[in-house]
Amino acid sequence: MTADAIDVRNPRIVSAVKLHRAPQRRKTGLFLAEGANSVTAALATGRVRELFYSAAAATREHELVAGAAAQGVRTTLVSDRAAQALGETVTPPGLVAICETLDVEPGAILAAQPRILAVPVEMADPGNAGTLIRVVDAVGGDGVILAGDSVDPHNGKCVRAAAGSLFHVPVARGRNIDATLDEIAAAGIVVLATAATGEVELDDADELFTGPVAWLFGNEAHGLDPAVAARADHRVRIPIRGRAESLNLATAASICLYANSRVRYRHT
């Protein structure tokens, strides 16, 4: 471990801070993972290039930092100013790893014969994307395919919201929505779309969950494009029995994916 803390002007810190920007992530094939959950998960994959830690983090997460060093990861003590620059939160945890990006092709996910897939379409909010990845991980899902002009999964807010799950669940990007849906259909996967006026109520959908399923979730502001929803094999609605007008994307996705998982794991 480095004896003296390096400051914000150090070239390594300057280079790392640039990874907050998507063009630099694409150029270098690197991104930042912030916080103990994400760093622990990243270390388990062997994709960490360097771990920056503050003095406070060294005390709080001593075993994590020591474990990284034991793996041969370069571990570097940084000043509080540098930790602030590396982090993106108001109170940064002082623990940031430079990681190799986790780019996966949709075809690779489909070749693994997934049983539960989440396919957010035109998802713009990185926090929602990270939450969705975390939910897929929690319910035992097999992958996420971000379709269309969706958020970069290596965005810092997405990585933090995923809380380590980005390193557990394969995440792909399928920029051409129609081509992505064609690939999913060709793999023999039933495509379901969430829709407020769907013809199938979620409570009655158990039979659909006995085989492989891909869930289409729409944009936070506008929902699914009707043309995209029309390509699904079935459109599923969540019954709302109270007075709420609707559910936000992350909540609706959580309910649907859990319902799917309950049936899938009951039949295994």
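For region 225-265, how many residues are in a helix (DSSP H, G or I) and polar (S, T, N, Q)?
Residues flagged as in a helix (DSSP H, G or I) and polar (S, T, N, Q) within region 225-265 amount to 4.
For (1) among the aliphatic types (A, V, I, L, M); (2) modelled with pLDDT under 95; (3) out of contact with any Leu (no Cβ under 7 Å at 6 or more places or on another chain), each residue gets a yes or a no:
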position	(1), (2), (3)
T131	no, no, yes
V136	yes, no, no
G141	no, no, no
V144	yes, no, no
D152	no, no, yes
A162	yes, no, yes
E183	no, no, no
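Could you list all residues from region 253-268 that are modelled with pLDDT of 95 or more and not charged (D, E, K, R)?
Across region 253-268, the qualifying residues are A253, S254, I255, C256, L257, Y258, A259, N260, S261, V263.
Just to be sure I understand the filter: pairs with C-beta atoms under 7 Å, separated by 6 or more residues or on different chains, first member in region 249-268 and touching a residue at least 24 places away in the same chain (Cβ under 8 Å), second member among the polar types (S, T, N, Q) and crowded, with 17+ Cβ neighbours inside 10 Å. Which pairs pass?
L249/N128; A250/N128; A250/T131; A252/T194; C256/T194
Quick grid of which residues meet (1) of a type in the set (K, R); (2) surrounded by fewer than 16 Cβ atoms within 10 Å (Cβ to Cβ); (3) touching a residue at least 24 places away in the same chain (Cβ under 8 Å):
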{"position": "V14", "(1), (2), (3)": "no, yes, no"}
{"position": "R25", "(1), (2), (3)": "yes, no, yes"}
{"position": "A42", "(1), (2), (3)": "no, no, yes"}
{"position": "T59", "(1), (2), (3)": "no, yes, no"}
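Among the candidates E122, E100, single out the residue that is charged (D, E, K, R), within 15 Å of W215 (Cα to Cα) and in contact (Cβ under 8 Å) with a residue 24 or more places away in the chain.
E122
For residues in region 96-140 being in a strand (DSSP E or B) and under 13 Å from the mean Cα position of the chain (by Cα), which is farthest from C256 (Cα to Cα)?
Among those that are in a strand (DSSP E or B) and under 13 Å from the mean Cα position of the chain (by Cα), it is V104.
Quick check: anything in region 197-208 buried (at least 23 other Cβ atoms within 10 Å of the Cβ) and polar (S, T, N, Q)?
no
Could you check, for region 236-248, whether at least one of its residues is within 21 Å of A112 (Cβ to Cβ), among the hydrophobic types (A, V, I, L, M, F, W, C) and surrounded by 15 or more Cβ atoms within 10 Å (Cβ to Cβ)?
There is no residue in region 236-248 that is within 21 Å of A112 (Cβ to Cβ), among the hydrophobic types (A, V, I, L, M, F, W, C) and surrounded by 15 or more Cβ atoms within 10 Å (Cβ to Cβ).
Given the options A58, A41, name the one that is aliphatic (A, V, I, L, M) and over 24 Å from T101 (Cβ atoms).
After applying the criteria, what remains is A58.
State yes or no: is R173 among the charged types (D, E, K, R) and assigned to a strand (DSSP E or B)?
So R173 fits the description; yes.
The values are calculated or read from the model by the stated rules, or taken from the named source; none is laboratory data. Computed from a predicted structure; not experimentally measured. Every residue, glycine among them, receives a Cβ derived from its backbone with ideal geometry; neighbour counts consider all protein chains shown.
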